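Visitor: Take a look at the following structure, please.
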Amino acid sequence: MKYRFNVFGKPMAVVRIDEAWELYLESDVGMRTRVYDVAIPAELSSDELGRYLDDIYHEMATQRHPTVEQLEHD
């Protein structure tokens, strides 16, 4: 299952692989790059992902992009 987010203006995706979450930066052309320096705890539910990303990336907040928004999921 893949969950897409707008993280303070950056498109990101969180993917469940087996028992772990993996975080990716997404580009406008569909390319994605794995983010290795952020570990998402495996026990987080999908409902908690947005709040977790907000906690990790809150310093990126701007007036134009003040929140983390869930976009969609597959």
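Visitor: Hey, does the range 44-58 have a residue that's out of contact with any Gly (no Cβ under 6 Å at 6 or more places or on another chain), in a loop (DSSP other than H, G, I, E, B) and surrounded by fewer than 10 Cβ atoms within 10 Å (Cβ to Cβ)? So that I can check it myself, show each step before the final result.
Guide: Step one: filter the range 44-58 for residues out of contact with any Gly (no Cβ under 6 Å at 6 or more places or on another chain), giving 44-58.
If we keep only those that are in a loop (DSSP other than H, G, I, E, B) too, we end up with 44-45.
After this cut, where a residue has to be surrounded by fewer than 10 Cβ atoms within 10 Å (Cβ to Cβ) as well, the list is 45.
Yes, some residue in the range 44-58 is out of contact with any Gly (no Cβ under 6 Å at 6 or more places or on another chain), in a loop (DSSP other than H, G, I, E, B) and surrounded by fewer than 10 Cβ atoms within 10 Å (Cβ to Cβ).
Visitor: Counting only residues that are among the aliphatic types (A, V, I, L, M) and within 11 Å of the chain's Cα centre (by Cα), which one in the range 59-71 is surrounded by the most Cβ atoms within 10 Å (Cβ to Cβ)?
Guide: Start the filter on the range 59-71 by keeping residues that are among the aliphatic types (A, V, I, L, M), which leaves 60-61, 68, 71.
Subsequent filtering for residues that are within 11 Å of the chain's Cα centre (by Cα) retains 68, 71.
Numbers: Val68: 24, Leu71: 12.
Step by step, filter the range 59-71, then rank; the result is Val68.
Visitor: Another question, then. If I ask for residues that are surrounded by fewer than 16 Cβ atoms within 10 Å (Cβ to Cβ) and part of a strand (DSSP E or B), which ones from the range 17-26 would you list?
Guide: Within the range 17-26, Ile17, Ala20, Leu25 meet the criteria.
Visitor: Only residues in the range 11-39 that are without any contact (Cβ under 8 Å) to a residue 12 or more places away in the chain and more than 19 Å from His65 (Cα to Cα) count as the first member; pair them with residues that are of a type in the set (Phe, Trp, Tyr) and surrounded by 16 or more Cβ atoms within 10 Å (Cβ to Cβ), Cβ under 9 angstrom, at least 6 apart or cross-chain, and list the lot.
Guide: Thr33/Tyr24; Ala39/Trp21
Visitor: Can I ask one more? Quick check, is Tyr24 modelled with pLDDT of 95 or more, more than 12 Å from the chain's Cα centre (by Cα) and among the aromatic types (Phe, Trp, Tyr)? Can you show your working first?
Guide: Numbers: modelled with pLDDT of 95 or more: yes; more than 12 Å from the chain's Cα centre (by Cα): no; among the aromatic types (Phe, Trp, Tyr): yes.
No, not satisfied.
Visitor: A further question follows. Between Leu71, Leu49, which is touching a residue at least 40 places away in the same chain (Cβ under 8 Å) and touching a Lys or Arg at 6+ places or on another chain (Cβ under 9 Å)?
Guide: Leu71
Visitor: Considering the range 27-43 alone, what residues qualify as being closer than 16 Å to Asn6 by Cβ and not in a loop (DSSP other than H, G, I, E, B)?
Guide: Arg32, Val35
Visitor: Have a look at Tyr3, Tyr36 and point out the one that is in contact with a helix residue (DSSP H, G or I) (Cβ under 8 Å, 6 or more places away or on another chain) and of a type in the set (Ser, Thr, Tyr).
Guide: Tyr3
The values are calculated or read from the model by the stated rules, or taken from the named source; none is laboratory data. Please read these numbers as outputs of a predicted model, since none were measured by experiment. We place every Cβ from the backbone using ideal geometry, glycine too, and count neighbours over all the protein chains shown.
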